[in-house]
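For reference, the structure is listed below as structure tokens.
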Amino acid sequence: MLSHEINKAFRARLQQGSAVLMPGAANALAARIIADLGFEAIYLSGAGLTNTYLGMPDLGFVSLPEIAHHTATMRDATDLPIIVDADTGFGNALNVRHTIRTLERAGASAVQLEDQVNPKRCGHFSGKDVVELGEARSRIKAAVDARQDPNLLIVARTDARATQGFAAAIERAQAFIEDGADITFVEAPESVEEIRNIPAQIKGTPQLINLVVGGRTPIMALEELDKMGFSLVLYANVALQGAIYGMQAALGQLKSNGSLDEAGPVASFKERQRLVNKPLFDELERRYANY
């Protein structure tokens, strides 16, 4: 399926009303597993990519070419919509324009931009700060103007809850809607009351809520968040945290026992080949062998 068709279908899906449960992925294999399990959308996590690809914390180390490369590999691996975390857009409004154009060509269905200063920090770390509202709004306006496919969605995230308070975060999200944002995202609310007040106070766009296992935001059921009015329920790094747990379990057993077979805490060899679509390549090899 072509990217513009995926984007159009994703925009229509968000207008249907019921919340989309969306896991994060840090690479194409995780994207394949998410699609294989029947999820409707994928989030390319900047934190997950930084942790997985660089082995470093989410402190603004990942670059636009790295994000674009991983966006393209995910688009090649699945037809699901991909929301791409583009951090602060990598500079001023002109840099944001270039970021949007680059990620749209790579196959993004939506691009998320935030209002933190450069270099950014994980939304659930201490020590964050945000830029002045005018600069933040210029990022969103530039992103809206830069897209070539009108169905490429712009996700406007604010981290102002941690530095200026909940009311300021709501005000910023409302301003971003005026600038053309398609989805707004108030990061790291710290109570159920704050979570409930996000869709109650912000009108006019779908709302995204990010549930970080071990983070600042209380974990709530999908059904409850759906009733509150959220359109996207994001678990940005559950796949990554599960992979870390699984690697520690398998490698710990290998270290302890000195050997490991398919009875251990590992996927089978056959399952690994299925997930990377080896039967397709076997068929292609047979098809082209006759020439």
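Observations on the model:
- Local electrostatic count, LEU21, Cβ distance below 11 Å [Lys/Arg +1, Asp/Glu -1]: -3
- Relative contact order of the stretch 127-179, defined on C-alpha pairs under 8 angstrom at six or more residues apart (%): 43
- Each other residue within a Cβ distance under 12 Å of THR184 adds +1 if Lys or Arg and -1 if Asp or Glu, for a net charge of -4.
- Each Cα pair under 8 Å and six or more residues apart adds its separation to the average, and for the chain the resulting relative contact order is 18 percent.
- Beta bridges from DSSP with both residues in the stretch 68-198: antiparallel share about 10 percent, rounded to the nearest 5.
- Label selected from (1) 33, 23, 18; (2) 66, 23, 15; (3) 45, 22, 18, the criterion being semi-axes √(5λ) of the Cα gyration tensor in Å as computed here: (1)
- Here the relative contact order of the stretch 142-291, from alpha carbon pairs under 8 Å that lie six or more residues apart, stands at 14 percent.
- Most fluctuating residue given options ARG172, ARG75, ARG105, as computed from a GNM of the chain linking Cα atoms under 10 Å: ARG105
- Between the amide H of LEU59 and any residue lying 5 or more places away or on another chain, no distance stays under 5 Å, with hydrogens modeled in the peptide plane.
- Summed side-chain charge close to GLU171 - residues other than GLU171 whose Cβ falls under 12 Å, Lys, Arg +1, Asp, Glu -1: +1
- Using θ = phi - 60° and Karplus 6.51 cos²θ - 1.76 cosθ + 1.60, couplings along the stretch 206-211 (whole Hz; Gly, Pro as x): x, 10, 10, 10, 9, 9
- Just checking the listed ones, MET247, MET56, MET228: in the Gaussian network model of the chain with Cα springs under 10 Å, the one fluctuating most is MET247.
- The chain - share of DSSP beta bridges that are antiparallel (%, nearest 5): 5
- Amide H to amide H distances under 5 Å link ALA25 with TYR43, LEU44, SER45, where only residues 5 or more positions off or on other chains count and H is placed in the peptide plane.
- Length released on extending from LEU275 to ALA263, taking residue separation times 0.36 nm less the Cα-Cα span: 2.4 nm
- Counting every alpha-carbon pair across the stretch 215-291, the share separated by more than 15 Å comes to 75%.
- Karplus 3J(HN,Hα) series, Hz, for the stretch 17-28 with 6.51 cos²θ - 1.76 cosθ + 1.60 (x for Gly, Pro): x, 6, 5, 9, 8, 10, x, x, 9, 10, 7, 5
- Highest mobility in the GNM of the chain, judged by mean-square fluctuation with C-alpha springs under 10 Å and restricted to ASP159, ASP76, ASP87, is found for ASP76.
- Ordered by the number of other Cβ atoms lying within 10 Å of each residue's own Cβ, fewest first, SER45, SER63, SER231, SER268 fall into the sequence SER268, SER63, SER231, SER45.
Any read-out appearing in this document is the output of simple, stated calculations on the displayed coordinates, not a laboratory observation. Every value quoted in this text rests on a predicted model; they were computed, and no experiment measured them. All Cβ positions, glycine included, derive from the backbone under ideal geometry; neighbour counts span all protein chains shown.
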